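*Asks:* Okay, handing you the structure first.
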Amino acid sequence: MSKLLVETQLFKPKNLMLSEGKVSKRGLPLVEGILATAEIKNGNGRYYSKELWEREINKYQNLVKEHRAMGELDHPESQIINLQNVSHNIADMWWDGDNVMGKIEILPTPAGNILKALVESGITVGVSSRGMGSLEDKGGILEVQDDFELLCWDFVSTPSNPDSYMHLIKEGLDFSSQNKYTKANSIITEILCSNGQCPII
């Protein structure tokens, strides 16, 4: 029986890209990193074959080409992508060995603004796949079966794939003189207040 499968990993920055000031063709800030890794047991004890990921990535490329490869901030327990919570769109995907790599646009939505503020402030976020499928226990490893269907990737706080931390390809902003958590809180408060929901701290 198919169920919702959520796999998360940290998106680790490449230092060179932090100062390149790159944006997408549409002028949106970009993050880049590992979306998924095939042929390993992940933090949830699950195993995805490379053949399975290749099939799903090939299908997902159609959404990328149509600018419909959207995801949310945090993991909803649903197979439906809620447009109110969309924070990003995958602009490009490719293979690097057993790693699925991705370049992702951060959208100017309320959730996207929060994501952008966190990443610009040096907060490490994870990226997490969301899909439907069944599992088979093979000696303590839960192997994802051929009925797996990839839905999207979301940004989350704690990933299950050890290397899926994203990083911002951004202009060289220097936050070194400020505590990054203070800066993040300040930016989040500013965003919430601009939407008329100022938190009481």
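*Asks:* Students often get this wrong, so check it: of K3/K103; K65/K103; K50/K138; K25/K116, which have C-alpha atoms separated by over 20 Å?
*Replies:* Values: K3/K103 28 Å; K65/K103 13 Å; K50/K138 17 Å; K25/K116 17 Å.
Check vs 20 Å cut-off fails for K3/K103.
*Asks:* Could you tally the net charge around M70, taking each other residue with its Cβ under 15 Å from the Cβ of M70, Lys/Arg +1 and Asp/Glu -1?
*Replies:* -1
*Asks:* Please report the net charge: other residues with Cβ closer than 13 Å to the Cβ of R55, K and R +1, D and E -1.
*Replies:* -4
*Asks:* Return the long-range amide H neighbours of G43 (sequence gap of 5 or more, or a different chain), with a cut-off of under 5 Å between placed amide H atoms.
*Replies:* N161
*Asks:* If the chain between E143 and K41 were fully stretched, how many nm would it gain, using 0.36 nm times the residue separation less the Cα-Cα distance?
*Replies:* Working it through step by step, the gained length comes to 35.8 nm.
*Asks:* Determine the sum of side-chain charges near N89: Lys and Arg each +1, Asp and Glu each -1, restricted to other residues whose C-beta is under 10 angstrom from that of N89.
*Replies:* My count for the surroundings of N89 gives +1.
*Asks:* Give me a comma-separated list of calculated 3J(HN,Hα) values for segment 123-138, in order, Karplus coefficients 6.51, -1.76, 1.60 applied at θ = phi - 60°, integers in Hz, x for any Gly or Pro.
*Replies:* So the Karplus estimates, Gly and Pro as x, are 6, 7, 10, x, 10, 9, 7, 10, x, 10, x, 10, 10, 10, 7, 10 Hz.
*Asks:* Whole-Hz ³J(HN,Hα) for each residue in segment 45-51, computed from phi via Karplus 6.51 cos²θ - 1.76 cosθ + 1.60 with θ = phi - 60°, x for glycine and proline: what do you get?
*Replies:* Per-residue couplings from phi come out as x, 9, 10, 10, 6, 5, 4 Hz.
Values in this text are rule-based calculations from the coordinates and carry no lab data. Quick caveat: nothing in here was measured; it's all calculated off a predicted structure. We place every Cβ from the backbone using ideal geometry, glycine too, and count neighbours over all the protein chains shown.
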